[in-house]
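Below: the structure, in C-alpha cells.
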Amino acid sequence: MIMRMVSRMVGLAGMLVMLSLALPTQLHAAPGDKGAEKADKGGDKNAPLASMGGVNLTVGEFQALMNNSDKEVKKHLLENPELMKQKIGEAMLRKYFLAKAREQKVDQKGDVAFMMERAREGVLVENFLNISAKVPAKYPEESLVRQAYDENKSRFMLPQTVNVAQIFLKYEPNMDDKAKQDLFKLAERYMTMVQKKESEFASLAQKFSQHPASASQGGDMGWVPLNQLLPEFQKAISGLKNGEVAGPIKTPQGVHVVQLRGTKEPTPRPYDEVKPALTKMLKDKKLQENKDAYVSELLGKTQISLNEQSRALLK
C-alpha cells in the first residue's frame, strides 16, 4: 500500500526512498504513551497520530484535512479503517517531504517562491469568486435533479451483463503442441456431449474443469459485465441462446468451453444511486455560470485600461 502511495505522490524516482520505509501509525494509545492516551480521551489535538524520521503528524492536522474534505469522503474514511490508515500515511509522507523541503530552504529559491505565491493567489481568487458567485444552499431543487436524470439516463447505464459457465482445461508447463491439440479435442468432446444431451454441462464442469472456484459451482462464473470478458469469450457467446455452448476457446492459459446461462440488457442506474453525483454536477454547473455572469457584469461596469507605453517596455 505504501509503495503505491509513494508512486502516486513522487513518481518512480521517489520509490528508491521507500526501500526501507515503514509506517508506524498509532490510532490508539500505546502503553505509557501519555500524549496518545490524552488524544484517545478527545483532549489533545497536538497528540502525534503518525511519525516518520522525526517528523510528526498530529491528530489536529489530520482532523483538519478530514473536516475540509467532502462530507461523503469523510464518511467513507470513517467507515473504512484500511482506507483511513492509507490516507494518514499519505498525509504523513506529504508532511515529511514538506519538512525536508523547508529544512533545505527549497521554499526560498526564487522560482519556487514565485510558484508558491502564484498558487496562494490562485486559491484566494478562486475562493473570492466562489463567494461572489455563491449558489443557494437548496439548489438544485429535487425536480431539477430528476429532470437531469431523465434527460441523461444514457450516461448512467449499467453495462450488459451475462451469466457464463465454463469448463477449463489447463495447459501444463512445457506442454508440447501435440498435448495441447489433445486437450483441444477433449474440450470438443465435452462440448459435443452437452450439445447431444449426453451429459449435463454442470456435471462435466464439476468433474473435469480445472478452474476450482467455478468447477465447484458447476462451472458457474456468476454475472459478469460483458465488456469485462476476454475478447475471445465475447465473440464466442455472441448470438448464443441461454443454455447453448460455444468453443473450444484457446487462451494462453488453456482451453475453455463456455455456456451462456443468462443475459441482462443495459439498464439505467437507479435514481437514488446517481442523485448525489447529479446534484454536485448541477451545483458545479450553476457555480460556473454564476462566475461567468459575475465577471461579465464586472467588466461591463469596470473596464480594463491598458497603458500601451508601459506595454512596450515588456521584453
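The values are calculated or read from the model by the stated rules, or taken from the named source; none is laboratory data. As the structure is a prediction and not an experimental result, all values here were calculated from the model. Glycine gets a Cβ as well: all are built from the backbone with ideal geometry, and neighbour counts include every protein chain shown.
So that you can scan it fast, the table gives a plain yes or no per residue for (1) outside any helix (DSSP H, G or I); (2) surrounded by 14 or more Cβ atoms within 10 Å (Cβ to Cβ); (3) not acidic (Asp, Glu):
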{"residue": "Leu124", "(1), (2), (3)": "no, no, yes"}
{"residue": "Ala137", "(1), (2), (3)": "yes, no, yes"}
{"residue": "Ser143", "(1), (2), (3)": "no, no, yes"}
{"residue": "Asp150", "(1), (2), (3)": "no, no, no"}
{"residue": "Phe168", "(1), (2), (3)": "yes, yes, yes"}
{"residue": "Lys180", "(1), (2), (3)": "no, yes, yes"}
{"residue": "Met193", "(1), (2), (3)": "no, yes, yes"}
{"residue": "Ala205", "(1), (2), (3)": "no, yes, yes"}
{"residue": "Trp223", "(1), (2), (3)": "yes, no, yes"}
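Applying the condition of being among the acidic types (Asp, Glu) and not assigned by TED's automatic domain parsing to the domain that holds Leu204 to the range 127-186 and asking which residue is farthest from Asp292 (Cα to Cα) yields Asp150.
For the condition under 29 Å from the mean Cα position of the chain (by Cα), charged (D, E, K, R) and modelled with pLDDT of 90 or more, what is the one hit in Arg189, Arg155, Arg146? Before you say what the answer is, go through the steps one by one.
On the way: Arg189 fails: under 29 Å from the mean Cα position of the chain (by Cα); Arg155 fails: modelled with pLDDT of 90 or more.
Criteria check complete, one pass: Arg146.
One residue stands out in the range 276-315 among those that are in contact with a Phe, Trp or Tyr (Cβ under 8 Å, 6 or more places away or on another chain) and hydrophobic (A, V, I, L, M, F, W, C): the one that is surrounded by the fewest Cβ atoms within 10 Å (Cβ to Cβ), namely Leu282.
Could you check, for the range 228-241, whether at least one of its residues is surrounded by 16 or more Cβ atoms within 10 Å (Cβ to Cβ), touching a residue at least 24 places away in the same chain (Cβ under 8 Å) and in a strand (DSSP E or B)? Give the derivation first.
Of the range 228-241, the ones surrounded by 16 or more Cβ atoms within 10 Å (Cβ to Cβ) are 229, 233, 236-237, 240.
After this cut, where a residue has to be touching a residue at least 24 places away in the same chain (Cβ under 8 Å) as well, the list is 229, 233, 237.
Next cut, in a strand (DSSP E or B) only: none.
Among the residues of the range 228-241, not one is surrounded by 16 or more Cβ atoms within 10 Å (Cβ to Cβ), touching a residue at least 24 places away in the same chain (Cβ under 8 Å) and in a strand (DSSP E or B), which makes the answer no.
Quick check on my filter: what residues within the range 185-235 are closer than 18 Å to Thr263 by Cα and β-branched (Val, Ile, Thr)? Correct list: Val224 only.
Within the range 281-312, can you find the residues that are free of Cβ contacts under 8 Å to residues at least 12 places away in the same chain, farther than 19 Å from Ser132 by Cα and in a helix (DSSP H, G or I)? Glu308, Gln309, Ser310, Arg311 - these are the residues of the range 281-312 that are free of Cβ contacts under 8 Å to residues at least 12 places away in the same chain, farther than 19 Å from Ser132 by Cα and in a helix (DSSP H, G or I).
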